[in-house]
Amino acid sequence: MPIWSMRLEAGGAMLMTDDSAPFREGFDQMLATAAEPVWLTFRRRAEMDRFALLGFPTRRQEAWRFTDLEPLTAAAPLPMAAPLPMAMADDLPSPASLALWLLPVTTHRLVLANGHVVPSLSAGPPLPDGVWLASVAETLRRRPDLLEGAFGDEDGALAALNAALFTDGVVLALEPGVTLETPVEVIHHTTAAGAHARLHIALGAGSRATVVETAIGPVGDGAAAGPVTSWGNTVGVVTLGADAVLTHLHIQAEGPAACHTAAVRAVLADRARYDACAVITGARLSRRDMAVVLAGDEAEFRLYGAYLLDGGQEATLSVRADHLGLGCRTDEVVKGVLAGASHGVFLGTLAVAPGADGADARQVNRNLLLSPTARVDTKPELEILADDVKCAHGATVGSLDEAALFYLQARGIDPETARRMLVEAFAAEVLDAAGLPTALAELAHRHLWRWLDGRDS
Amino acid sequence: MSDITTANRPASNAPAPDVLDGIVQGDGYKYGFVTEVETDDAPPGLNEDTVRFISAKKGEPAWLLEWRLKAFRRWRTMAPPDWAKLDIAPIDYQAASYYSAPKAAAGPKSLDEVDPELLKTYEKLGIPLGERAALAGVAVDAVFDSVSVATTFKDKLADLGIIFCSFGEAVREHPDLVRRYLGSVVPQGDNFFAALNSAVFSDGSFVYVPPGVRCPMELSTYFRINAAKTGQFERTLLIADKGAYVSYLEGCTAPQRDENQLHAAVVELVAMEDAEIKYATVQNWYPGDENGKGGIYNFVTKRGACRGARSKISWAQVETGSAITWKYPSCLLEGEGATGAFYSVAITNNRQQADTGTKMIHIGRNTTSTVISKGISAGRGQNTYRGQVKVLSGADGARNYTQCDSLLIGKRCGAHTVPYLDVRHPGATVEHEATTSKISDDQMFYCQQRGLTAEDALSLIVNGFCKEVLNELPMEFAVEAQKLLAVSLEGSVG
């Protein structure tokens with residue numbers, strides 16, 4: 001894989017181009033105008049150089065062999081960094097469209113438009129003591145210590161690009177022993193190319209929080225085909241202290257001309273618990289990379305997720321769980337429903353480091369193909385370097401059970417309804433198993449129903 | 001990430017180190033001896049002249065030389081695969097010699113004419129030649145380095161119209177068949193090692209079973225690498241015509257040697273309508289010593305094409321040898337209702353590395369495949385199952401079931417599972433299951449409490465773990481394989 005391509009110019013002079021070239025102008029402009037701490041400027045430059053070295057991932061790389069970024073990289077002009085922290089009225093979600101995605105309870109809400117927190121749409125009750133919840137921009141002004149050192153550990157070219165170009169984001173930091181009862185609601189509304197937002201969550205020892213992260217965008221005319229017109233590229237950094245518990249629901253419902261890429265890195269200390277749930281239905285092209293490091297003893301990671309795709313959509317869910325501590329537990333259940341000419345990809349790696357005895361890890365990926373043109377690629381991987389472990393994974397691909405369809409029809413249910421019931425049951429099972437708090441579970445189910453309704457119409 | 005590892009932790013609830021931990025030196029490689037025979041080697045190095053030299057030495061027709069040269073030109077443009085979970089020291093392809101034939105005044109006509117040194121080698125290996133062949137009821141096409149020196153039971157097979165001969169002979173006697181099928185399953189440019197083999201393959205076996213014939217005996221070949229610094233590049237081509245049945249056994253042992261030896265074989269199977277091929281391998285090449293010195297590099301391309309409706313191909317392998325194994329016996333399920341199967345036991349001990357598995361490509365309607373893989377890691381061995389199940393858009397009603405289990409013995413080994421499932425048809429059902437575990441202290445205690453030694457207990461448990469695969473082997477091999485498992489794991493307990 002050439003890291004950069006070299007071109008011999010007519011005069012014999014050598015010109016080096018790399019994938020960072022289209023971003024450089026906007027990048028330099030941003031650095032010149034932003035009043036940021038010096039360490040951040042250095043970090044941004046280093047990350048931009050890292051991206052230049054890596055370039056956009058290609059299908060020649062093992063981790064990306066099923067994900068084709070071509071619709072994104074071919075979109076002309078290439079996504080640029082938004083130079084000004086100024087959200088235009090066009091970029092804001094309409095109250096009606098926003099209402100569809102709100103939790104049915106009081107929340108601490110932060111709405112981002114193209115990577116900038118919009119104060120007018122953000123609201124919530126007063127924060128309890130020991131809780132810091134603010135935009136990245138504000139945090140950099142008032143509590144830069146919360147962010148210093150929290151950059152650059154994420155693997156991958158897109159995370160590097162995010163760290164170089166990020167415009168804003170959300171920081172949630174809880175001091176030890178604090179429980180934040182009210183859920184935190186972060187809504188990304190993306191209409192333009194190149195919205196690089198960050199989400200930093202740091203829970204001190206014994207603290208608890210619930211975060212819902214929703215990605216939305218213009219709905220458009222419904223067909224997922226043609227060029228990509230918006231691109232949201234987010235990075236999440238999760239640090240859980242000893243005994244901390246984080247519940248993290250991710251809903252991705254972007255429009256059919258959107259590209260959505262996200263990387264989440266979580267590090268868990270002793271007995272920390274990370275409960276993650278992801279429901280992915282949107283975007284023409286999406287990819288979510290989760291890297292969870294169970295560093296402490298008896299840390300626990302649970303992921304329940306579903307991707308439901310139709311038309312020409314392509315979605316990748318990639319999860320790597322590294323077990324380093326003693327007696328760590330991982331439980332992953334991911335289901336896929338693929339209709340139309342969609343393409344779903346699940347890449348799951350369970351890794352147990354030498355000496356990480358007592359690891360108990362389980363991974364299940366089940367897929368339902370609803371059409372002859374739909375396609376699924378699944379790669380559940382085990383990497384075991386300790387012997388006192390219990391690791392298992394399973395993957396299945398199949399279609400709706402003819403016998404179950406017949407059973408329902410024999411009881412007077414029409415084929416369409418019967419099919420819908422079976423698909424719903426298949427997907428809802430994983431949402432139920434996630435054990436989400438009621439309000440979050442309702443939102444996740446509502447999302448599922450909306451997807452099913454959209455297919456009926 | 002590695003800086004947060006748990007190096008300083010006390011090994012809680014770990015088995016007592018004297019039971020399951022550590023590797024003690026075994027008795028050394030049991031088949032480690034070198035036969036002193038003069039060889040007629042090609043000068044080291046690889047270029048078009050080498051290819052021409054090999055072809056001329058073997059007296060090949062022009063079309064085959066062209067075929068080799070085409071492969072060589074493809075090979076030059078290719079890079080060795082790096083995706084496997086293997087740590088391979090760079091290989092200098094120019095340092096090896098690519099042809100080595102035992103010197104003989106003329107081709108031997110009978111066993112009496114065969115070099116007595118060679119016969120002694122076979123004796124040590126226990127190959128049933130001559131009378132022993134008749135007693136064992138096995139036809140042997142013995143490959144000593146690169147040239148077949150004796151073929152038995154040929155007449156008996158010939159009566160049925162079965163062709164079983166060395167590859168070189170097949171090129172001379174049955175050029176039409178060879179030309180028709182050579183490279184039809186594994187094309188010249190399929191991968192780096194297959195291209196290398198296509199350019200410089202020395203000899204191998206050729207089998208053709210005519211329509212409706214059931215081969216009455218297990219066909220078997222012993223491959224044996226001998227001369228130092230000589231990679232061996234067998235080429236096996238096996239064709240079962242309509243309604244034919246054949247079972248083929250392949251077993252390998254090699255003398256002890258300190259330098260790594262490259263082995264890049266290609267095996268092509270073709271099964272026509274209603275035909276069935278069973279292909280079994282016991283591989284026990286020199287794995288290197290306990291420090292990872294020496295040992296064979298086993299980079300093999302094996303693939304079968306189920307061309308006709310209801311054809312069947314089944315691969316069974318017991319991989320205990322070689323320093324590095326890179327091997328993925330595969331099935332192209334083209335005919336309607338074709339069936340593919342893969343049964344594998346792979347053991348890595350000391351510093352052995354194995355990256356092995358299968359590819360099941362479902363092309364035709366109602367094709368089915370079964371994959372059962374058992375990986376055992378001991379010492380500092382690294383064992384990877386890498387398999388792909390692909391269901392193409394025409395494969396309505398395709399079914400696959402995959403099960404891969406890993407067993408870990410000791411604290412410093414690794415077991416990895418890398419399955420790829422790629423499904424493009426809603427009428428397909430694909431299931432994959434994998435588990436990783438260790439031999440429990442309870443199991444060991446139970447056996448030892450009843451008077452078994454630690455080694456016997458381990459052997460018993462491992463044989464039970466592998467039973468599903470061993471059951472698929474022909475009788476002779478099943479016995480040998482069970483012994484091999486025990487020998488391979490010697491020193492990993494006690």
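Here, each number is a calculation from the coordinates, and none is a lab measurement. Computed from a prediction, not measured in an experiment: that's the story for all the values here. Note that each Cβ is placed from the backbone with ideal geometry, even for glycine, and that neighbours are counted across all protein chains shown.
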TODO: Between the alpha-carbon centers of segment B:399-449 and segment A:131-172, tell me the distance in whole angstrom.
DONE: 41 Å
Task: Net length gained if the chain between A:GLU429 and A:ASP155 were fully extended (0.36 nm per residue, minus Cα distance) - done: 95.4 nm
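So how do B:311-321, A:394-404 stack up, highest first, on mean other-Cβ count within 10 Å?
Highest mean packing first, the order is B:311-321, A:394-404.
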Open item on the list: For A:VAL219, project a label point 7 Å along Cα to C-beta. Then give me every residue of segment A:426-457 with its amide nitrogen under 15 Å of that point.
Closed with: A:447-457
Open item on the list: I need the peptides B:378-387, B:239-248, A:424-433 ranked by packing, meaning the mean over residues of other C-beta atoms within 10 angstrom, with the highest value on top.
Closed with: B:378-387, B:239-248, A:424-433
TODO: With a 10 Å radius around each residue's Cβ, average the other Cβ atoms per peptide and rank B:77-89, B:364-376, highest first.
DONE: B:364-376, B:77-89
Open item on the list: Using DSSP H assignments, which helices in chain A have an axial alpha-carbon span of 20 Å or above and a mean Kyte-Doolittle hydropathy of -0.5 or higher?
Closed with: A:38-54, A:415-433
Task: Label point 7 Å beyond Cα of B:LYS57 along Cβ direction - residues of segment B:67-101 with amide nitrogen under 19 Å - done: B:67-73, B:92-101
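Among DSSP beta bridges lying fully in segment B:234-385, give the percent that are antiparallel, nearest 5.
Once the DSSP bridges in segment B:234-385 are tallied, antiparallel ones form about 0 percent.
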Open item on the list: Apply the a/c threshold of 1.5 to the C-alpha gyration tensor of segment A:285-373 and tell me whether it is rounded, prolate or oblate.
Closed with: prolate
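Mind checking the mean number of beta-carbon atoms from other chains within 10 Å of the Cβ atoms in A:348-357?
5
Per residue of chain A, what 222 nm ellipticity follows from adding -39500 (n - 2.57) for every DSSP H run with n ≥ 4, rounded to the nearest 500?
Calculated mean residue ellipticity at 222 nm is -7000 deg cm²/dmol.
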Open item on the list: Give me the one-decimal nm value for the distance between modelled label points at A:TRP132 and A:LEU405, 7 Å along each residue's Cα-to-Cβ direction.
Closed with: 5.6 nm
TODO: Looking at chain A, send over the antiparallel percent of its DSSP beta bridges, to the nearest 5.
DONE: 10 percent
Task: Cα→Cβ-extended label distance, 7 Å offset, between A:TRP39 and A:SER371, nm - done: 5.1 nm
Task: Partner chain coverage, peptide A:317-328 - average Cβ within 10 angstrom - done: 2
Open item on the list: Using a 10 Å cut-off around each Cβ of peptide A:370-378, what is the average number of partner chain Cβ atoms that fall inside?
Closed with: 5
Open item on the list: I want to verify the translational diffusion coefficient of segment B:304-380 in µm²/s; compute it with Stokes-Einstein, Rh as the Kirkwood radius over Cα pairs, at 25 °C and 0.890 mPa s.
Closed with: 187 µm²/s
- [ ] Provide Rg over Rh for segment A:400-457; use the alpha carbon set for both Rg and the Kirkwood Rh (inverse mean inverse pair distance).
- [x] 1.05
- [ ] Mind giving me the FRET efficiency for B:GLU468 and B:SER440? R0 is 25 Å, r the Cβ-Cβ distance, nearest 0.05 is fine.
- [x] 0.80
- [ ] Restricting things to alpha carbons, tell me how big chain A is in terms of Rg and Dmax, in Å.
- [x] 21.8, 79
